[in-house]
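All remarks here apply to the structure that follows.
The values are calculated or read from the model by the stated rules, or taken from the named source; none is laboratory data. No experiment lies behind these values; they were computed from the predicted model shown. Cβ atoms come from the backbone with ideal geometry, glycine included; neighbour counts cover every protein chain shown. Accessible surface is based on the protein model in full, side chains and every heavy atom, while ligands, DNA and RNA are left aside. Shrake-Rupley method; radii C 1.70, N 1.55, O 1.52, S 1.80 Å.
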Amino acid sequence: MTDVQALLGAEAEYLLDHKCTGFSAEHLHLPSPTYVDDVLSLTDRPNQVLRNYQQLLDAGRMGGSGYVSILPVDQGIEHSAGASFAPNPMYFDPENIVRLAIEGGCNGVASTLGVLGAVSRRYAHKIPFIVKINHNDALVHPADYDQRMFANVRQAYDMGAVGIGATIYFGSDTSRRQLEEISEAFAEAHRLGMVTILWCYLRNSAFKTADKDHHISADLSGQANYLGVTIEADIIKQKMPETNGGFNDVPVGKTHPKVYSELSSDHPICLTRYQVANCYMGRIGLINSGGASGENDLIQAVRTAVINKRAGGMGLITGRKAFQKPFAEGVALLHATQDVYLDKSVTLA
């Protein structure tokens with residue numbers, strides 16, 4: 001088991017002893033071994049969705065805990081294959097992506113139609129597949145903030161996937177078209193019994209001011225989450241917040257002073273708790289992304305897991321920090337983040 005306190009070092013007390021007061025823990029719907037029975041079964045999701053969601057929760061090292069660890073590899077389209085896989089060229093081969101997810105103890109692997117389709121007959125029954133159906137084409141020039149459909153729900157269903165994933169760039173010029181497309185896709189996925197995961201990202205140059213990058217602001221990203229659960233995403237993927245006050249700095253939407261004075265604080269766990277609250281108080285699971293790879297990836301990944309778990313989140317979706325390393329190091333990093341969720345001493349804030 002990973003020594004979480006040792007890895008956190010000087011931040012251990014700051015992160016492990018913090019108590020959130022804006023949204024107290026007793027008001028949250030939390031991940032648990034009986035999450036599908038206690039929370040999801042109360043919704044209008046078909047029985048097949050409940051079955052596939054339970055299959056996702058039961059897979060991997062954290063199976064049966066209610067938490068999820070997902071390996072996402074769609075960066076070959078989003079950033080380019082060269083930028084993504086040059087650090088470790090073995091991942092140009094889709095089979096190694098799936099192998100990393102299996103050896104890494106993940107609940108599921110999320111990738112493109114092509115990546116998962118290339119090896120589906122060998123692996124679709126061994127680890128839950130999540131097919132990402134839309135992408136931002138990295139070859140468009142000048143670059144714009146758009147997501148176009150690369151696959152359809154039926155293709156994912158025929159492959160044997162348990163779910164689909166999609167991105168909406170909230171705040172972009174094309175966000176309303178994306179919202180309509182993905183709402184229809186999610187409805188079809190549910191009819192077919194598939195789980196839906198939404199990458200709830202913000203994209204607008206106005207969200208980045210001289211002082212702050214509000215793409216990772218708790219209030220704006222929290223509202224993106226609220227829009228995502230409105231179209232019945234079953235899991236929300238969101239970047240971990242690092243700041244707040246986007247509604248005050250950017251001329252969009254409305255807010256309330258209590259959001260900043262009572263319901264959140266500058267502490268990263270409280271900022272993330274605000275994201276969880278916007279997922280219907282945790283009725284819909286929040287998974288935070290691991291971010292780009294760099295220095296101290298193991299420490300940063302464990303730190304993100306601690307914040308997500310203590311805030312009331314459902315887990316992590318960690319990609320580049322794992323697959324841009326030698327295979328064994330990637331496996332070890334995934335295991336370390338999972339250990340946070342399996343460690344009973346890391347409790348809700």
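Brief remarks follow.
- Helices (runs of 4 or more DSSP H) enclosed by the stretch 247-349 - at least 1 residues per element that are farther than 26 Å from Gln223 by Cβ: 297-311, 320-323, 327-342
- Figure legend. Inter-residue proximity from the stretch 4-28: first residues over 22 Å from Val302 (Cβ atoms) and in contact (Cβ under 8 Å) with a residue 24 or more places away in the chain, second residues surrounded by 17 or more Cβ atoms within 10 Å (Cβ to Cβ) and of a type in the set (Val, Ile, Thr), beta-carbon distance below 7 Å, spacing 6+ or different chains. Indicated pairs: Leu28/Val276.
- Options Leu271, Leu227, Leu179, Leu198: the member that is of a type in the set (A, V, I, L, M, F, W, C), closer than 21 Å to Ser24 by Cα and touching a strand residue (DSSP E or B) at 6+ places or on another chain (Cβ under 9 Å): Leu271
- Selection status of Glu232, at pLDDT 95 or above and either more than 21 Å from Ile317 (Cα to Cα) or open to solvent by less than 20 Å² (accessible area, probe 1.4 Å) (or both): no
- Listed by first and then second residue, the pairs linking a residue in the stretch 284-302 that is hydrophobic (A, V, I, L, M, F, W, C) to a residue that is open to solvent by 20 Å² or more (accessible area, probe 1.4 Å), with Cβ atoms under 6 Å apart and 6 or more places separating them unless they lie on different chains, are Ala292/Arg320; Ile299/Leu7; Val302/Leu7.
- Residue in the stretch 303-325 that is surrounded by 24 or more Cβ atoms within 10 Å (Cβ to Cβ), charged (D, E, K, R), in contact with a Ser or Thr (Cβ under 8 Å, 6 or more places away or on another chain) and within 30 Å of Phe92 (Cβ to Cβ) present: yes
- Residue check, Thr2 surrounded by 18 or more Cβ atoms within 10 Å (Cβ to Cβ), more than 19 Å from Lys126 (Cα to Cα) and out of contact with any Phe, Trp or Tyr (no Cβ under 8 Å at 6 or more places or on another chain): yes
- Scanning the stretch 44-60 for any residue that is on the phi < 0 side of the Ramachandran plot, charged (D, E, K, R), out of contact with any strand residue (DSSP E or B) (no Cβ under 6 Å at 6 or more places or on another chain) and not in a helix (DSSP H, G or I) turns up at least one such residue.
- In the stretch 235-246, the residue that is farthest from Gly66 (Cα to Cα) out of those that are open to solvent by 10 Å² or more (accessible area, probe 1.4 Å) and outside any loop (DSSP other than H, G, I, E, B) is Thr243.
- Residues satisfying the stated conditions in the stretch 271-296, i.e. open to solvent by 10 Å² or more (accessible area, probe 1.4 Å) and within 25 Å of Gly9 (Cβ to Cβ): Ser289, Gly290, Gly291, Ala292, Ser293, Gly294, Glu295, Asn296
- In the set (1) hydrophobic (A, V, I, L, M, F, W, C); (2) in contact with a Ser or Thr (Cβ under 9 Å, 6 or more places away or on another chain); (3) open to solvent by 10 Å² or more (accessible area, probe 1.4 Å), the condition left unmet by Ala210 is number (2).
- Checked against (1) closer than 30 Å to Gln48 by Cα; (2) within 21 Å of the chain's Cα centre (by Cα); (3) not hydroxyl-bearing (Ser, Thr, Tyr), Asn204 passes all but a single condition, namely (1).
- Filter pass, Gly253 being at pLDDT below 95 and under 28 Å from Gln338 (Cβ atoms): no
- Residue check for Arg51: charged (D, E, K, R), open to solvent by less than 30 Å² (accessible area, probe 1.4 Å) and modelled with pLDDT of 95 or more: no
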